[in-house]
Amino acid sequence: MAYQREVRPWGDYLVLDEGSGYLVKRIRISAGHRLSYQRHRSRSEHWYVVAGAGVATLDGSAVRLGPGTTVDVPVGAAHRIASEGPDDLVLVEVQTGDYCGEDDIIRLDDDYGRLG
């Protein structure tokens with residue numbers, strides 16, 4: 001399988017594996033940046049932080065993250081993750097569900113003008 005890399009305003013991600021009902025990504029969030037506050041209709045996510053420091057927001061509650069910490073994001077939960085500190089935040093994301101496409105993102109807030 002060829003890895004698929006996508007560059008975003010907040011950093012980038014690399015698709016490591018995918019199959020029926022799942023998708024695995026390595027996500028790098030540049031220092032000082034964050035993903036949109038969003039939810040998904042068709043998938044849950046599991047985040048495992050491998051490097052850096054950050055904050056995850058899940059349905060309005062914030063939790064600090066560092067290497068070895070995890071977050072589970074249920075289907076439909078509003079969520080975002082931000083990189084804090086001088087280094088990039090790197091995590092592995094495992095998506096599971098009926099559909100794992102990028103168009104399953106419902107953005108509630110976005111620093112980069114991608115609402116709507």
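Could you give the dipole magnitude of the chain about its Cα centre, charging the beta-carbon of Lys and Arg +1 and that of Asp and Glu -1, in debye to the nearest 20? Don't skip to the end; give the middle numbers.
On the way: 13 positive and 18 negative charges, 24 e Å.
With Lys and Arg at +1 and Asp and Glu at -1, about 120 debye.
Can you sort Leu65, Leu58 by how many other beta carbons sit within 10 Å, fewest first? Mind showing how you got there, number by number?
Values: Leu65 23, Leu58 16.
Ordered by Cβ neighbours within 10 Å, fewest first: Leu58, Leu65.
Compare the Cα positions of Gln38, Thr57, Val7 along the charge dipole of the chain (+1 at Cβ of Lys, Arg; -1 at Cβ of Asp, Glu; about the Cα centre) and return the one farthest towards the positive end.
The one lying farthest along the dipole's positive direction is Thr57.
Across 10 Å bins from the origin, how do the percents of Cα pairs in the chain run, short distances first?
15, 49, 34, 2
Give me the distance in nm between label points sitting 7 Å out from Cα along the Cα-to-Cβ direction at Thr70 and Tyr112, one decimal.
A separation of 2.8 nm, rounded to one decimal place.
Let me see the pair-distance distribution of the range 65-115: every alpha carbon pair, 10 Å bin width, integer percents in order.
17, 47, 34, 2
With θ set to phi - 60° and the Karplus curve 6.51 cos²θ - 1.76 cosθ + 1.60, what are the ³J(HN,Hα) couplings of the range 59-70 in order, to the nearest whole Hz, using x for Gly and Pro?
Here the 3J(HN,Hα) series is 6, x, 9, 9, 9, 6, 10, x, x, x, 8, 10 Hz.
No lab work stands behind these numbers, since they all come straight from the coordinates. On a predicted model such as this, the values are computed, not experimentally measured, just so you know. Here Cβ is always computed from backbone atoms with ideal geometry, including for glycine, and neighbour counts include all displayed protein chains.
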